[in-house]
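A.B. asks: Sending over a structure as structure tokens; questions will come in a sec.
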Amino acid sequence: EVITVQELANRMAEKGVALVKVLMGMGVMATINEVLDQDTAQLVVEEFGHKPKRVLDSDVEIGISGAEDDETDLASRAPVVTVMGHVDHGKTSLLDALRKANVVSGEAGGITQHIGAYQVEVSGQKITFLDTPGHAAFTEMRARGASVTDICIVVVAADDGVMPQTKEAIAHAKAAGVPLIIAINKMDREGANPDRVRQELLQEEVVVESFSGDVQEVEISALTGLGLDNLKEQILLQAELLELKANPSRAANGVVVEAKLDKGRGSVTTTLIQKGTVKIGDIFVAGAEWGRVRALVNDKGQQVKEAGPSVPVEVLGAGGVPSAGDDFAVVSNEARAREIVDYRQEQIKKKRALAAAGPKTMEAMFTQLKESGETQSFQVVLKADVQGSVEAITAALEKAGNDDIACRVLHGAVGGITESDITLANASDAMVIGFNVRPNKQARESAESLGTAMKFYSVIYDLIDDVKAAMAGQLGPEF
Ligand code: GDP
């Protein structure tokens, strides 16, 4: 595969003449339309300070997400928020309440449609909410390499307190490095006890602001609307600290949040644009599908001509139906789109074959860790039968680390191994360890299909010994 100077420039979001100059500096006399070979292209990319990423084996490029943007091209963008929490604590009610409040004050006739994400406006500033509550969806997306969420709201019912899925939500958000806002919900209820919630959060190492910590908390009622304005303000406050920015003037990139086949409209791909601006007529790739943008529909059901960063929009025109979590990217032409899609479909086949070959071993995980040279910690999702074991094992594992590699328990909790544990482990390249507990059917199936490493113990000493041995590279491949 070859690439022209102009095309390479486009993908890096650089000017063609700038590339020609660099090439001249390298002793290559080239015009804009000159075709470059792979190695030269790679040198040029590096010369511009970009990291070349081979999306196709035979091709050099910066990934179809394109080059990093120049600081001067960046404009601030709306925060993208996910709502998580224990079942029945009010996630759906909160998302509905925020959406409805927006329609009342919003544009004429604009009843918000359910497209997978929506935006609300607060004193001229926008917030984007992902409409699928829960950490399972969040972590599944992350497992597929999509980090869309800037802020996680963890809803805790004031009359129920911190529950198992609250803990999971916190672990998932922390593993992703996404800041939390605690929404203490159902404050209208008689048994509401927000201080108990704050107290219980301490055990999860979440110290809220009113306890002099750094995690924002807001008392709300999704039912009466109490505190919702405050919640929105806290989101904007947090967003300001994060200094969220994106370049709106480039080929669009985003993530698929929802996709379906609609009788009248064909393939409908709700995309959250992350950078750039998507326009009607653009050629795009979404996961292993591609198409030309036939129409764009916003969260109010209105047709729009374009959509920029942090804006959720329905994209019509994909040839097939991609999956939630797939990346979305506008590419230069149809041939390019086909090429990427062919390659990806091939990759999917390979991956399936690999997963069918069985789960990863602990040994393989360590080898991978060493080779990647990136993560210097061995990560564990730990489930045990009693709290005492969770604590003892966590402490022992964290001590088991050595100078080269640390051992980190991403999530430790009482109970059987669930699918959510597997997704978390998969997204974080972690291993799942069960102490006197087993996975349920879904978890087992999920671990098998993803190839997640999982091991069970009933003696703490054995567990710690294995981890230490694996760290020292002493375990046989059968482990
Ligand atoms: P989810 O499972 O977290 O999405 O929870 P839902 O939003 O479905 O809420 C569960 C139940 O709690 C529903 O019956 C809601 O009406 C109720 N609920 C949610 N928020 C509030 C609230 O602020 N106050 C009261 N009293 N009930 C609420």
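The values are calculated or read from the model by the stated rules, or taken from the named source; none is laboratory data. Given the structure is predicted, the values throughout are model-derived calculations rather than measurements. Here Cβ is always computed from backbone atoms with ideal geometry, including for glycine, and neighbour counts include all displayed protein chains.
A.B. asks: Hey, among the residues in the stretch 103-129 that are buried (at least 16 other Cβ atoms within 10 Å of the Cβ) and among the small types (Gly, Ala, Ser), which one's modelled with the lowest pLDDT?
C.D. replies: The extreme case among them is Gly106.
A.B. asks: What's the number of the condition Arg77 fails, among (1) within 16 Å of the ligand (Cβ to nearest atom); (2) modelled with pLDDT of 95 or more; (3) not aliphatic (A, V, I, L, M)?
C.D. replies: The failed condition is (1).
A.B. asks: Run Ala396 past the list (1) surrounded by fewer than 21 Cβ atoms within 10 Å (Cβ to Cβ); (2) part of a helix (DSSP H, G or I); (3) at pLDDT below 85 and report the number of the one that doesn't hold.
C.D. replies: Every condition holds for Ala396 apart from (3).
A.B. asks: Which of the residues that make up the stretch 153-174 are of a type in the set (Val, Ile, Thr), in a helix (DSSP H, G or I) and touching a residue at least 60 places away in the same chain (Cβ under 8 Å)?
C.D. replies: Thr166
A.B. asks: Does Leu261 satisfy being surrounded by fewer than 20 Cβ atoms within 10 Å (Cβ to Cβ), more than 16 Å from the ligand (Cβ to nearest atom) and closer than 20 Å to Lys126 by Cα? Walk me through how you get there before you give the answer.
C.D. replies: Details: surrounded by fewer than 20 Cβ atoms within 10 Å (Cβ to Cβ): yes; more than 16 Å from the ligand (Cβ to nearest atom): yes; closer than 20 Å to Lys126 by Cα: no.
No.
A.B. asks: While we're looking at this one, here's another question. Against the definition (under 30 Å from Asn10 (Cβ atoms), modelled with pLDDT of 75 or more and of a type in the set (Ser, Thr, Tyr)), how does Thr149 come out, yes or no?
C.D. replies: yes
A.B. asks: With the requirement that a residue be surrounded by fewer than 24 Cβ atoms within 10 Å (Cβ to Cβ), more than 6 Å from the ligand (Cβ to nearest atom) and closer than 17 Å to Gly161 by Cβ, what does the stretch 80-99 give you?
C.D. replies: Within the stretch 80-99, His86 is the sole residue that qualifies.
A.B. asks: Name the residues in the stretch 427-452 that are outside any helix (DSSP H, G or I), within 22 Å of the chain's Cα centre (by Cα) and buried (at least 22 other Cβ atoms within 10 Å of the Cβ), would you?
C.D. replies: Ala430, Met431, Val432, Thr452
A.B. asks: Which one is surrounded by the most Cβ atoms within 10 Å (Cβ to Cβ), of the residues in the stretch 171-187 that are within 14 Å of the ligand (Cβ to nearest atom) and over 19 Å from Ser212 (Cα atoms)?
C.D. replies: Asn185
A.B. asks: Given Ser267, Ser249, which one is assigned to a loop (DSSP other than H, G, I, E, B), more than 16 Å from the ligand (Cβ to nearest atom) and in contact (Cβ under 8 Å) with a residue 12 or more places away in the chain?
C.D. replies: From the options Ser267, Ser249, the qualifying one is Ser249.
Here's the yes/no breakdown for (1) at pLDDT 85 or above; (2) in a helix (DSSP H, G or I); (3) polar (S, T, N, Q):
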site: Lys51; (1), (2), (3): no, no, no
site: Leu56; (1), (2), (3): no, no, no
site: His89; (1), (2), (3): yes, no, no
site: Leu95; (1), (2), (3): yes, yes, no
site: Ala101; (1), (2), (3): no, yes, no
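A.B. asks: Could you tell me whether the stretch 290-307 includes any residue that is buried (at least 24 other Cβ atoms within 10 Å of the Cβ) and out of contact with any strand residue (DSSP E or B) (no Cβ under 6 Å at 6 or more places or on another chain)?
C.D. replies: yes
A.B. asks: Which of the following residues is within 16 Å of the ligand (Cβ to nearest atom) and surrounded by fewer than 15 Cβ atoms within 10 Å (Cβ to Cβ): Glu217, Glu205, Glu190, Glu240?
C.D. replies: Glu190 is the lone residue from the list that is within 16 Å of the ligand (Cβ to nearest atom) and surrounded by fewer than 15 Cβ atoms within 10 Å (Cβ to Cβ).
A.B. asks: Could you check the stretch 329-349 and list, in sequence order, the residues that are out of contact with any Phe, Trp or Tyr (no Cβ under 6 Å at 6 or more places or on another chain) and either within 30 Å of Ser76 (Cβ to Cβ) or assigned to a strand (DSSP E or B) (or both)?
C.D. replies: Passing the criteria: Ala329, Val331, Ser332.
A.B. asks: Does any residue of the stretch 414-427 turn out to be without any contact (Cβ under 8 Å) to a residue 12 or more places away in the chain and of a type outside the set (A, V, I, L, M, F, W, C)?
C.D. replies: no
A.B. asks: Quick one: is Gly134 modelled with pLDDT of 95 or more and within 12 Å of the ligand (Cβ to nearest atom)?
C.D. replies: no
A.B. asks: Would you pick out the residues in the stretch 175-211 that are part of a helix (DSSP H, G or I), within 21 Å of Thr92 (Cα to Cα) and touching a residue at least 40 places away in the same chain (Cβ under 8 Å)? Let's see the steps before the verdict.
C.D. replies: Kept after step one, since they are part of a helix (DSSP H, G or I), are these residues of the stretch 175-211: 175-176, 194-202, 209-211.
Still in the list and also within 21 Å of Thr92 (Cα to Cα): 194, 197.
Matches in the stretch 175-211: Val197 only.
A.B. asks: Would the stretch 154-170 turn up any residue that is surrounded by fewer than 21 Cβ atoms within 10 Å (Cβ to Cβ), within 11 Å of the ligand (Cβ to nearest atom) and of a type in the set (Gly, Ala, Ser)?
C.D. replies: The answer is no; no qualifying residue exists.
A.B. asks: What is the one condition in (1) under 17 Å from Gly116 (Cβ atoms); (2) touching a Pro at 6+ places or on another chain (Cβ under 9 Å); (3) free of Cβ contacts under 8 Å to residues at least 40 places away in the same chain that Lys126 does not satisfy?
C.D. replies: All conditions are met except number (3).
A.B. asks: How many of the residues in the stretch 220-237 are crowded, with 19+ Cβ neighbours inside 10 Å, in a loop (DSSP other than H, G, I, E, B) and either of a type outside the set (Gly, Ala, Ser) or in contact with a Leu (Cβ under 6 Å, 6 or more places away or on another chain) (or both)?
C.D. replies: Number satisfying all stated conditions: 2.
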